[in-house]
Amino acid sequence: MEPQEIREGYLVKKGTVLNSWSAVWVVLSEDGLDYYKKKTDHSPKGMIPLKGATLISPCQDFNKRTLVFKITTERKQDHFFQASHVEERELWVKDIRRTLSCLKDGKKFARKSTRRSIRLPETVNLAELYALMKDQDDGVKELKLEQDNQIFNHCFTGATVVEWLISKGKARNRPEALMLATGLLTEGFLQPADDLSKEGVEGGENITFLDQTTALYYFTDSGFFCEGYSSDEDVLLKDEFRGNIIKQGCLLKQGHRRKNWKVRKFILRDDPAYMHYYDPSKGDDPLGSIHLRGAVVTAVEYVPDAKKYDVDGNLFEIITSDETHYFLQAATSEERKEWIKAIQTVSKSGK
């Protein structure tokens, strides 16, 4: 029997020979990971056996790269992967860990029930805790805070996080809350916003979360931005980055000039309605943006000037108010529906 496919999607992988990072299509099965240069390729670029392998997440081997996890094979070969956002990394890590456990115990991979428990498990699940912290009604409130001639948007203080954890019964006292907050920071769910909180992360061997009203943090996938000059090269960001992040992930995008297709990381924001796209293998500077106010988005079956072997299925088109056409491809039909629905909502409600 063919191994069961458990999860597939785009991730960024570090080269095993060269140190370059590139987006690849990854397929997780019951006994290994296969990765392809393109989704449409029939033969994998590489295969990673998972029997006897170990997984480390988060992997902090690369200071300028977040959301990285490492797989070390039984033969001590290291493979590094980077997700496009926190939730995506957690889904991959969860399935890979279960796959490793099944291989070790000689069991068949089977998904657990998705029914949610009212109580948190005794062993704290940081991903679930993070989701509770982001709850709009009952979570940690994102504020605009001024400090040292700078304005920090969509952030909160370290003391606020500690007090929230205690008030919600997630920690019994401040030292215990500080331990949980440090875990959230270490796992990449929280990020340091100002110089003081960054010193806590970079100042020593251990990452330190600061229980202070002058130490500022933000959610990794929030609409955080800083106005003003910072010693850490923060810059005044454009108005288009102010909106809350509605959806993010990797899609194939057709270029406007060469008409070739490349994997890009997309971040959809509202108010104002913008969709920024990035090279997922490089830094955080966007390659471009799509203003969605008044745009039209629809599913399409083909792209007029695309080569047949370039793309096939799950295509959609965005036509902006100035009649610029963008052609994109999602990994699955369900993902295409989700993107179209999210973009339609933002295009009608955002500025």
For the stretch 164-179, which positions are part of a helix (DSSP H, G or I) and under 14 Å from Leu132 (Cα atoms)?
Trp164, Leu165, Ile166, Ser167
Filter the stretch 11-38 down to residues that are out of contact with any strand residue (DSSP E or B) (no Cβ under 6 Å at 6 or more places or on another chain) and of a type in the set (Ser, Thr, Tyr) and give me whichever is surrounded by the most Cβ atoms within 10 Å (Cβ to Cβ).
Ser22
For the stretch 48-84, which residues satisfy the criterion of being closer than 22 Å to Lys247 by Cβ, at pLDDT below 90, open to solvent by less than 30 Å² (accessible area, probe 1.4 Å) and not aliphatic (A, V, I, L, M)?
Ser84
Every residue from the stretch 317-351 that is open to solvent by 80 Å² or more (accessible area, probe 1.4 Å), within 14 Å of Ile290 (Cα to Cα) and touching a residue at least 60 places away in the same chain (Cβ under 8 Å):
Lys351
Screening Ser101, Ser84 for residues that are more than 27 Å from Asn314 (Cβ to Cβ) and hydroxyl-bearing (Ser, Thr, Tyr) leaves only Ser101
Could you please let me know if Gly188 is of a type in the set (Gly, Ala, Ser) and either over 16 Å from Asn125 (Cβ atoms) or open to solvent by 40 Å² or more (accessible area, probe 1.4 Å) (or both)?
no
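Quick grid of which residues meet (1) among the polar types (S, T, N, Q); (2) over 20 Å from Gly249 (Cα atoms); (3) under 22 Å from the mean Cα position of the chain (by Cα):
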{"residue": "Tyr10", "(1), (2), (3)": "no, no, yes"}
{"residue": "Phe62", "(1), (2), (3)": "no, yes, yes"}
{"residue": "Val68", "(1), (2), (3)": "no, no, yes"}
{"residue": "Glu74", "(1), (2), (3)": "no, yes, no"}
{"residue": "His79", "(1), (2), (3)": "no, yes, yes"}
Within the stretch 252-300, can you find the residues that are of a type in the set (A, V, I, L, M), more than 15 Å from Ile319 (Cα to Cα) and buried (at least 21 other Cβ atoms within 10 Å of the Cβ)?
Leu252, Val263, Ile267, Leu268
From the list Ser43, Ser22, pick out the single residue that is hydroxyl-bearing (Ser, Thr, Tyr) and either part of a strand (DSSP E or B) or in contact with a Gly (Cβ under 6 Å, 6 or more places away or on another chain) (or both).
Ser22
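The values are calculated or read from the model by the stated rules, or taken from the named source; none is laboratory data. Keep in mind that what you see is a predicted model, and the values were worked out from it rather than measured. Cβ: placed from backbone, ideal geometry, glycine included. Neighbour counts: every protein chain shown. We work out accessible area using only protein heavy atoms, side chains counted, and drop any ligands, DNA or RNA first. Shrake-Rupley method; radii C 1.70, N 1.55, O 1.52, S 1.80 Å.
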